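In what follows, a single structure is set out as structure tokens and then discussed.
The values are calculated or read from the model by the stated rules, or taken from the named source; none is laboratory data. Because the structure is predicted, anything quoted here is derived from the model rather than measured. A quick note on method: Cβ atoms are made from the backbone with ideal geometry, for glycine too, and the neighbour counts reach across all protein chains shown. Side chains included, ligands, DNA and RNA excluded: accessible areas come from the protein's heavy atoms. Shrake-Rupley method; radii C 1.70, N 1.55, O 1.52, S 1.80 Å.
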Amino acid sequence: CAERKRLEEVELPPGINDNQKVKFKGLGHASDIFQGIPGDLLVNIKVTPHSIFKRSEQNIESTAQISLADAILGTSITIDTIDGKISLKVEAGSHDGQQITMKGLGVAPQNLPDN
């Protein structure tokens, strides 16, 4: 049997994880054993690390540096998010390593389709 190649465009669900497998029904090889009915295409996902953001479960983490004076007095800074730049208020009295949570800007819960 000669191997044939074809290009398939598939849509990956948002929030997919590294090393996760996604099954696309009917996009696999059509086998003579099963009367030419195509099997499923299994895609193993490899997520490339991002230069700014780090993913921790459903959270997206980013680091920003501010001066000691800004940490003591408070300030507003512009930060990058997956959806673009936003202004973030840093409260007076902030300390080194402090985390500020911005609700709703992480990874959406995943509902994998059963194609």
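All other residues with a Cβ under 13 Å from the Cβ of Ile66 taken together, and with Lys, Arg as +1 and Asp, Glu as -1, what is their net charge?
Numbers: positive: Lys89; negative: Asp70, Glu91, Asp96.
Net charge in that neighbourhood comes out at -2.
Please give the solvent-accessible surface of Arg55 in Å², to the nearest 10, using a probe radius of 1.4 Å with every protein chain present.
For Arg55, solvent-accessible area is about 90 Å².
Hey, if you put +1 on the Cβ of every Lys and Arg and -1 on every Asp and Glu Cβ in the chain, which of Gly36, Gly93, Gln58 ends up farthest toward the positive end of that dipole?
Among Gly36, Gly93, Gln58, the one farthest towards the positive end of the dipole of the chain is Gly36.
Roughly to the nearest percent, how much of the accessible area of the chain is carbon and sulfur, given a 1.4 Å probe? Intermediate results must be reported in sequence, preceding the final value.
Numbers: 4950 of 9610 Å².
Of the solvent-accessible surface of the chain, carbon and sulfur hold 52 percent.
Can you pull out the chymotrypsin sites (Phe, Trp or Tyr not before Pro) in the stretch 1-92 that DSSP calls coil and that have at most 11 other Cβ atoms within 10 Å?
On the way: sites: Phe24, Phe34, Phe53; in loops: Phe34, Phe53.
Within the stretch 1-92, the qualifying chymotrypsin sites (Phe, Trp or Tyr not before Pro) (loop, at most 11 other Cβ atoms within 10 Å) are Phe34.
Under a 1.4 Å probe, what is the accessible area of the chain per residue, stated in Å²? Intermediate values should be presented prior to the final figure.
Numbers: 9610 Å² over 115 residues.
Normalised by residue count, the accessible surface of the chain is 84 Å².
What FRET efficiency would be calculated for the residue pair Gln98, Asn17, taking the C-beta separation as r and a Förster radius of 41 Å, to the nearest 0.05?
Details: r = 28 Å, r/R0 = 0.68.
Efficiency, rounded to the nearest 0.05: 0.90.
Taking the structure as given and computing log10 I(q)/I(0) by the Debye sum over Cα atoms at q = 0.16, 0.24 Å⁻¹, which label from (i) -0.87, -1.37; (ii) -0.67, -1.43; (iii) -0.70, -1.18 fits?
Here log10 I(q)/I(0) by the Debye sum over Cα atoms at q = 0.16, 0.24 Å⁻¹ agrees with entry (i).
Multiplying the sequence separation of Leu7 and Phe53 by 0.36 nm and subtracting their Cα-Cα distance, what value in nm do you get? Present the calculation step by step, with values, prior to reporting the outcome.
Numbers: separation 46, 0.36 × 46 = 16.56 nm, distance 3.08 nm.
Separation in residues times 0.36 nm, less the Cα-Cα distance, equals 13.5 nm.
Could you work out [θ]222 nm for the chain from helices alone, using -39500 (n - 2.57) per DSSP H run of at least four and dividing by all its residues? Round to the nearest 500 deg cm²/dmol. Let's see the in-between values first.
On the way: 1 runs with 6 residues, N = 115.
Roughly -1000 deg cm²/dmol at 222 nm, from the helical runs in the chain.
Tally Lys and Arg at +1 and Asp and Glu at -1 over the other residues with C-beta under 13 Å from the C-beta of Val90: what net charge comes out?
Working: positive: Lys89; negative: Asp70, Glu91, Asp96.
After counting each charged neighbour, the total is -2.
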